[in-house]
Each structure stands twice: as structure tokens, then as C-alpha cells.
Amino acid sequence: MNLTLRTTSALALAVGLMSAPAFADMEAAIAFLDEHIERSALTRAEQETEMQWFVDAAAPYVGMEIRVVSETIATHEYEANVLAPIFEAITGIQVTHDLISEGDVVERLQTQMQTGENIYDAYVNDSDLIGTHWRYQQARNLTEWMAGEGAAVTNPNLNLEDYIGLSFTTGPDGVLYQLPDQQFANLYWFRHDWFTDPDIMAAFEAEYGYTLGVPVNWSAYEDIAEFFTGREIDGETVYGHMDYGRRDPSLGWRFTDAWMSMAGMGDVGVPNGLPVDEWGIRVNENSQPVGSCMARGGATNSPAAVYAIDRYSHWLNNFAPPEAPGMNFGEAGPVPSQGGIAQQIFWYTAFTASMVGEGAEAVLYDDGSPRWRMAPSPHGSYWRDGQKVGYQDAGSWTLLESTPVDRAQAAWLYAQFVTSMTVDVEKSHAGLTFIRESTINHESFTERAPNLGGLIEFYRSPARLAWTPTGTNVPDYPRLAPLWWQNIGDASSGALSAQEALDNLCAQQEAVLARLERAGVQGDLGPVLNDESDPEFWLSQPGSPQPRLENEDETPVTISYEELIQSWQ
């Protein structure tokens, strides 16, 4: 179900700002700091200076109403329900911050790009669209914007160097196209209390011949999933795996969010494999897409991709709760917090907030500390050293060229306010989706780290650099992304085999690439498809696509969580 929330006077009342006058007001800013900013990377004097800048910069836009949109996660709920009415009271700019599904965000962004109609004044859309924005040049060039039309409304304390995800939102041309608002990674989640229970450990070793621990590869993950599924622990029958399989847009993210890369489908290279990325799209030396199917040098239907889909389907249907195949991303995400799941290979850290508060008592000790931990996801048998090992979402503010300048300026003020150093620590405590180095290293997160199951250790480690979003091989995310859930849904449901579904997927991706090539709308950056040839030619070349392994079941390998954390230090 799509949820739309808007800021209202009732929300303003909830944050104690109804008495604030409807114009730019430093008194409202002081009240905001007193009531809501207990923790910040800035001193109180620095906070007041930053808020005074927003008051002054907003003066030309007092009384303007703007509309922005983002997907529905805890971080954006905090922005829409708390920060937007505060921003309005401080600046006199009224903000309607809509919260809808991610699929709908992309659809409305695409519609605005195609029609030029100004649906929203700013979008929080994933940096997965960086290849789209770079090629179409319909997103405002923020590098030029901040020096030109947006100069007067660009916060002198924006501190771009403090953002940890700018490499994700910068095109190959060195231009910044998006400003990160929230980031979360795809990691492995598991019940640390069960994995360290002496009786459970002994039973596992007796059955499988090696030590129960964090799985390093998919073979170990499957053994652990099999071991826990159907086992009774503390009077409850548990499952060794959690996932989702409903045919909706979130099923597509399940795979484009680096699942194929984790299996080993793409090429070596960070942030994304080159020349073949985690979508199986090959590019030439000019970054132009040249194919998706093996016959053109792509890997979307390669043996590694088939292996990835087969493992997903097998685990979903054999080791997850029976209702999981009918769930989507939002429905499946909170399930591990209910207590009956032993591990999850593909778990978004955006759900950390649901694991540490009310409703998560089943996975917390009496003192509130977690019974669970997070760790790097294991990799598949086609994976090689130097390949991307995981996905990191970077929802980022995007201003489209079709938005009138004054509305874009007002929206840019709001985007900077909700990511400002004054508010970012508090916002990050609410949503646990980090964008600033100063926030990650704030002492309040050092204190909270023991209750967050490894999240802070991950974000403070060099390891986080190997978790990256979709890159620039993908030339038109809005057109290509829907193809994934529609075709993977056929494999997930059993309507088609993995090979059949992936053959269809790569052919449909190439059909989109061919249309873009014919239209010439992306100029010298657009696709130039290779001629088709025998796939064996490409399978015999170094790199991706790789030929099928004789044995896709590696020797299982595990590592203790404590040893793993030490490697992150």
C-alpha cells in the first residue's frame, strides 16, 4: 500500500511551533534548538549561526509553498513530520513533503522528465539514477548551481567534504548531480545469541563438521539455513532464512541492489564492475552500454546470474516462512525483529531502527542490548577478490531543470536544512541512515554503538567503501528497473526457469538500449550495441561473463563475529 503523508498544522502543533509567526523567524529557530537539538556536530553558537543564515536566505521566499517527495522510510518520516514544520516556522516557506513508495517516486520523476511538468520541486531519489542524470542532463548540475543561480541559497556551512556519499552522486564528468540525504547498506543479519549458544554450536558442528559462525560464502549460508529451519528454540519453531518474493517494484531492487554482484556475476572493480556491472550491462571504453545478453558481451543471462536466481528461489521456498514469497520489501523487513528468524543474507540496515525499539523485544535482552548482529553478506561461488561485495542505498536530493528557478531555490534551502550539520546527528538517531562523517564519529554514537549490533563499527570502517549503489553503466534507470521485477517474478513464481526469465530480461534490456541508440537522446553517452555473436566467444574471454563452474557448491567457510569485527578496526 502506498502511504502519503503531508506536513500539516497538526504536525506543527505536535512539535510545539504553532505559536511561531508565518514568516522567517529566529525566535522559532531558537525554540527549535532548545526543544529538539540535544546532540549535534556543531556547538550551540555554531547552530545559531547556521539557523540565522537560513532565516536570512529564506527572506525572498516567505509565503511560498513547495512540494517535495521521498520514499517512506523512518528517516524521511522524521523529515516530513518533524523537520518540515520546523523549517516552515523558521523560514516562512511552507513545505508539503510527500512520502510514497520508491517505485512511485521513480515513476513521477520519469513523468516530470518526459513532460516538463513540474510535479515536485525536489525529489529524494536514489543515486542509482546517476547514469540517467549524467546522460540526460535533466537534473540540475549542482556544481554549477551552487556557484550560479543557487549561490545565494547555498549554505556556507554545507561542508560537502563531510558527506560520505558524494562519489555516488558525482558523474564521470566530475559534476555533482545529487546531494545525499540518507544512506543504508545491505548486510548480513543474524541471531548472535543463537550462534554463540554452546548447545546449538555443538549440534551444528556435529551435523556439518565445521564451526557455526558468520558465513563467508553461500555454501555456508545454505548449511546454516537448513540447520535452523524447523528447529525449536525457546518453544518456538524458527526459520533459517528470510526474504520476499511478491511481484512488485521492490522485487526488482532485491536483485539490482547488487545480488548478482554478490553471486559474482559482474567484473572486478569498485564502485562498480567494469566493463560489466552488477546489472550485467557491458560498456565500452567511452562508458557507452553495448549489451546485456551474453551474445553481446553482457552477463544478465550468464551462468553466474542463473546461479544467483536459483539460490534465491531455493532458499526462499525451503528455508523462509511460508508467507515470505507473498511479501514485498516493506512487509518482510520487520519480520526478523519478531524473533523467529536465525539469519538473513540480504538485510537493509534501514530496518535497524525497527530492531532496537518498541516491538522488537523478542530480539533484545532485558537491558535493551541486541541479541542480533550485522556483518558483511557472504558471497557466491563466482565471486572473485576485487569485486563489489554489497549495495549501499544513497537517497539523494535532486533538482530537475523543469522546476522554476525560484521554486528550486526554496526547495534547495529545505534540502540543505534537513541534511545540515545542526540537525543531522538528531536525524540520524531517528533513522540510523548516515550521510556525514561528523555524525558517524559523534560521541553519542560511540555511546549507542553497543546497542546497534555492528552498524557504527561498519560505518566507521574502511569496509563501507566496498558497498556501493548502482553505477553509470545503467543509462535509463526508470525504463530498465521495472523489467527486473516483472521477469524475476516469473522465476520466483516458478512460471519460468531462471535461465528463461533471464534470457527474457536481457533481451528486454537490450530492446530499451536499442531504442535509446536509435533516438540519439543521450548523444555520445548513449548505447551503441555490439553485434551479436556466439556467447562462447565472450565466455572464453577474461572477466565477465564467466563460464559455468563444474561445481557451484564451494567448501563452506565461516568466521567468528568477534574476529570479523577486529578486521574492521
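The values are calculated or read from the model by the stated rules, or taken from the named source; none is laboratory data. Please read all numbers here as calculations on a predicted model, not as lab measurements. Because the Cβ atoms are built from the backbone with ideal geometry, glycine has one as well, and the counts that use them run over all protein chains shown.
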Checklist entry - If you take the residues of the stretch 91-108 that are part of a helix (DSSP H, G or I) and touching a Leu at 6+ places or on another chain (Cβ under 9 Å), which of them is farthest from H36 (Cα to Cα)? => result V106
Next on the checklist: Can you report the number of residues in the stretch 60-90 which are over 30 Å from L516 (Cα atoms) and either part of a strand (DSSP E or B) or not assigned by TED's automatic domain parsing to the domain that holds I435 (or both)?
Outcome noted: 3
Checklist outcome for this item: Checking A519, A495, A507, A514 in turn, the sole residue that is within 28 Å of P172 (Cα to Cα), without any contact (Cβ under 8 Å) to a residue 12 or more places away in the chain and in the same structural domain as G266 (by TED's automatic domain parsing) turns out to be A519
Checklist outcome for this item: Looking across the stretch 151-192 at residues that are of a type in the set (S, T, Y) and part of a loop (DSSP other than H, G, I, E, B), the single one that is farthest from T439 (Cα to Cα) is Y177
Checklist entry - Hey, any hits in the stretch 542-556 for a residue that's farther than 30 Å from G213 by Cβ and loosely packed, with under 11 Cβ neighbours inside 10 Å? => result yes
Next on the checklist: Kindly evaluate T439 against the criterion of being touching a helix residue (DSSP H, G or I) at 6+ places or on another chain (Cβ under 7 Å), buried (at least 18 other Cβ atoms within 10 Å of the Cβ) and in the same structural domain as R135 (by TED's automatic domain parsing).
Outcome noted: yes
Next on the checklist: among the hydroxyl-bearing types (S, T, Y), surrounded by fewer than 23 Cβ atoms within 10 Å (Cβ to Cβ) and out of contact with any Lys or Arg (no Cβ under 8 Å at 6 or more places or on another chain): which single residue out of T446, T433 fits that description?
Outcome noted: T446
Checklist entry - Which residues, counting only those in the stretch 441-465, are in contact (Cβ under 8 Å) with a residue 12 or more places away in the chain, farther than 21 Å from E562 by Cβ and not in a loop (DSSP other than H, G, I, E, B)? => result S444, L465
Checklist entry - Residues L142, L212, L129, L179: which one is buried (at least 22 other Cβ atoms within 10 Å of the Cβ) and more than 26 Å from the chain's Cα centre (by Cα)? => result L212
Next on the checklist: Looking at the structure I just gave you, is E285 part of a loop (DSSP other than H, G, I, E, B) and acidic (D, E)?
Outcome noted: yes
Checklist outcome for this item: Apart from one, (1) surrounded by 23 or more Cβ atoms within 10 Å (Cβ to Cβ); (2) on the phi < 0 side of the Ramachandran plot all hold for A258; the odd one out is (2)
Checklist entry - Across the stretch 1-48, what is the number of residues that are at pLDDT below 50, in contact with a helix residue (DSSP H, G or I) (Cβ under 7 Å, 6 or more places away or on another chain) and hydrophobic (A, V, I, L, M, F, W, C)? => result 7
Next on the checklist: Return the pair list, or none, for Cβ contacts closer than 6 Å from residues in the stretch 113-125 that are in the same structural domain as Q409 (by TED's automatic domain parsing) and at pLDDT 95 or above to residues that are among the polar types (S, T, N, Q) and in a loop (DSSP other than H, G, I, E, B), at least 6 apart or on different chains.
Outcome noted: M113/Q138; G116/S402; N118/S402; N118/T403; D121/T403
Item to check | Whichever residue in the stretch 356-398 is of a type outside the set (S, T, Y), in contact with a Gly (Cβ under 8 Å, 6 or more places away or on another chain) and within 24 Å of V418 (Cβ to Cβ) and, among such residues, is surrounded by the fewest Cβ atoms within 10 Å (Cβ to Cβ) | outcome: V356
Checklist outcome for this item: With the first residue restricted to the stretch 69-90 and required to be more than 14 Å from V423 (Cα to Cα), and the second required to be of a type in the set (D, E, K, R), Cβ contacts under 7 Å at 6 or more apart or on different chains are V69/D98; V69/R108; E71/E102; A89/D25
Item to check | Candidate set: the stretch 387-430, residues that are in a helix (DSSP H, G or I) and touching a Ser or Thr at 6+ places or on another chain (Cβ under 6 Å); chosen: the one nearest to W467 (Cα to Cα) | outcome: S428
Item to check | Residue satisfying condition, being over 18 Å from T468 (Cα atoms), out of contact with any Cys (no Cβ under 7 Å at 6 or more places or on another chain) and of a type in the set (S, T, Y), within set T132, T170, T154 | outcome: T154
